[in-house]
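Student: The structure that follows is given in the form of structure tokens.
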Amino acid sequence: MMTDSSTIALFSLALGLNESWILTDLRFEPDKRSGMQELLIDIGFKPKGTHPCPMCGKPGVVDEGEERI
């Protein structure tokens, strides 16, 4: 679903995303087990953005990533 910039800004703020991260999509899809609607949020990172190392905390550049669910 396409979302407007104010919705993207609101969810980015609510999730505490810093300038290195991009909220790329918000959508509702039916849950496979219950059939109820669930909100799916896709978050990406800016190419060549600086992110802290999860082990030591030092900033580093991310070149690639993988999708996680």
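The values are calculated or read from the model by the stated rules, or taken from the named source; none is laboratory data. Remember, predicted model here, so these are calculated numbers, not experimental data. Neighbour counts are summed over all protein chains in view; Cβ atoms, including those assigned to glycine, are modelled from backbone coordinates with ideal geometry.
Student: Considering the range 6-30 alone, what residues qualify as being farther than 14 Å from HIS51 by Cα and aromatic (Phe, Trp, Tyr)?
Tutor: PHE11, PHE28
Student: Specify the residue that is surrounded by the fewest Cβ atoms within 10 Å (Cβ to Cβ); the eligible residues are those in the range 38-58 that are under 19 Å from LEU15 (Cβ atoms) and either without any contact (Cβ under 8 Å) to a residue 12 or more places away in the chain or among the aromatic types (Phe, Trp, Tyr) (or both).
Tutor: First pass over the range 38-58, keeping only residues under 19 Å from LEU15 (Cβ atoms): 38-46, 49-52, 54.
Adding the requirement that they be either without any contact (Cβ under 8 Å) to a residue 12 or more places away in the chain or among the aromatic types (Phe, Trp, Tyr) (or both) leaves 38, 45, 52, 54.
Details: GLU38: 11, PHE45: 15, PRO52: 12, PRO54: 6.
Here the residue is PRO54.
Student: I've got another one for you. When you scan the range 20-69 for strands (runs of 3 or more DSSP E) that lie fully inside it, which ones turn up with 2 or more residues that are at pLDDT 90 or above? Give the derivation first.
Tutor: On the way: elements: 21-30, 37-45, 50-52, 59-61.
The qualifying strands (runs of 3 or more DSSP E) are 21-30, 37-45.
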